[in-house]
Amino acid sequence: MKKLIFGLSLLMVVSLFSCSDDDDPILQSDLNLVLNPPAKLKAPTFKNGTVTVTNVNSGEEISKDLYGFMLPTLNLEDGLYNFTVEAEVDYFTRDVDDKIIYATTGIRGFSENVEVTGGSFDLTIDLFEYRKNTSFVISEIFFSGTKTPEGKQYNDDKYFEIYNNTDKILYADDLCIAESELNTAQSLNEYTPDVRKEYTPVSSVYRIPGDGDDYPVEPGKSIIVCDVAIDHSAENANSFDLSIADFEWFDGADVDVDVPEVPNMEKIVSTSASVWGLHNRGFTSYVIFKMDDMAPEFNTDNAYHYQYTFVWGDFVKVMDFDAWKVPNNIIIDAVECSTVSDYEWKALDPSLDLTWTHAGDGDDARYGKCVKRKVSHKEGNRIVLLDTNNSEFDFIPTADPTPGIIEEE
């Protein structure tokens, strides 16, 4: 076994080898994996952790515990892999009185679609610090829509539910919801500039209005943001009542339906000239953040131009697109979505969401289903939802929607 040593970087060497009962040997490679810890952590000391290696093609997963910087040798054959590291470290910091203390924090690292081959392979993964959210969380996303009893697709009943996961009153004023520009089912060739470590590329941003204290949300309570705030079950027996919604996103009277009794969100930007319709197979992801006074400057200061190379057989073309970008450091919560059969890459940086969740698998099983955050525990009468920034763990996939109701499970 090899030792992991923290310094300016954390070095982890994995010896990969395998043997076969067949006459033809299976190719092998020695992988040199360098882990860079967060630079702001002073003299980190490893406590515990795991390294997980997933074969992308077969889905086979191997997870090993790490003890005292010790890494077991992993026996793997050449192939395409995802690597995930989760650990806890102790480090020196200062308290509110400026005294030096020893603290504990979580660190994570992720790298996907790594082709390990060639006999020797080097890979560097930047680790990031993980801390629990102390604000709003997205508790439900209903992006798939429903079908009518006649089998027709019904799209007007999509919604988000956003939950106050703290023990204090929070204000929804200036809270924004944004949809990712990047699609998790479409890995872009030669995508540049790749800003995901610092920004989240987005295609739409809608903001809750207010002066800062107009829309209080009590601890353990939620708000619903939807497309059309009516009782949809009156038009579609397979849908539900969204007349209880707190806000609508509204795209203009010429293309959208407005319910005057329900306040409208402010449309900040959108790449669509029509109604914002959440991707009904779940290939886009979502973030919430507070914009405060950024709105007038958002178009220019947050503009984002990118390109990638489209390849179809012998046809090759460089594609150019314009969108916007949100700084990762102001994002309050993020949920990455995809499907089991179509997932290609992460639209969000792993520091925002380590994995992803789904409703159905791009098939009819998605209709009438949502992604729903799990309950962690109760503090008195207040439900605390699970939030580890790891949606595969935090969410129930293909769940039954319950707008306005947080189930205790």
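Residue by residue, segment 335-346 carries 3J(HN,Hα) couplings of 9, 8, 10, 6, 9, 4, 7, 10, 4, 10, 7, 8 Hz when phi is fed to the Karplus relation 6.51 cos²θ - 1.76 cosθ + 1.60 (θ = phi - 60°); x denotes Gly or Pro. Exposed loop sites were defined as trypsin sites (Lys or Arg not before Pro) in DSSP loop states (anything but H, G, I, E or B) carrying at most 16 other C-beta atoms within 10 Å; in the chain the longest segment without such a site runs 222-373. The Rg/Rh ratio for segment 149-204 is 1.11, where Rg is the radius of gyration of the alpha carbons and Rh is the Kirkwood radius.
The alpha carbons of segment 77-135 occupy a box of 53, 28, 13 Å along the principal axes, longest dimension given first. Dipole check for the chain: with +1 at the C-beta of Lys and Arg, -1 at the C-beta of Asp and Glu, and the Cα centre as origin, the magnitude is about 1320 Debye. Volume of the convex hull of segment 166-234 (Cα atoms only), normalised per residue: 176 Å³. Counting only the Cα atoms, segment 99-165 fills a convex hull of 201 Å³ per residue. Full extension of the chain between Asp320 and Gln186 gives 46.7 nm of extra length, using 0.36 nm per residue less the Cα-Cα distance. Here the simple spin-label model places points 7 Å from the Cα toward Cβ, and for Thr104 and Thr300 these points are separated by 5.0 nm.
Per residue, segment 174-254 exposes an accessible area of 40 Å² to a 1.4 Å probe, with every protein chain left in place. Compare the Cα positions of Asn302, Leu242, Pro209 along the charge dipole of segment 192-331 (+1 at Cβ of Lys, Arg; -1 at Cβ of Asp, Glu; about the Cα centre) and return the one farthest towards the positive end. Selected residue: Asn302. Of the two radii for segment 198-255, the radius of gyration is 1.05 times the Kirkwood radius, both from the alpha carbons; that is the Rg over Rh value. Globularity index of segment 298-357 is 1.43 (Cα radius of gyration / 2.2 N^0.38 Å, N = number of residues).
Heavy atoms only, probe 1.4 Å: what % of the accessible area of segment 281-409 goes to carbon and sulfur, would you let me know?
Percent of accessible area from carbon and sulfur atoms in segment 281-409: 50.
Across segment 337-393 the C-alpha pair distances fall into 10 Å bins from zero in the proportions 22, 41, 29, 8, 0 percent.
Residue-normalised convex hull volume from the C-alpha trace of the chain: 195 Å³ per residue.
The values are calculated or read from the model by the stated rules, or taken from the named source; none is laboratory data. Everything quoted here is computed from the prediction, not taken from an experiment. Here Cβ is always computed from backbone atoms with ideal geometry, including for glycine, and neighbour counts include all displayed protein chains. Surface accessibility is based on the protein's heavy atoms, side chains included, excluding ligands, DNA and RNA. Shrake-Rupley method; radii C 1.70, N 1.55, O 1.52, S 1.80 Å.
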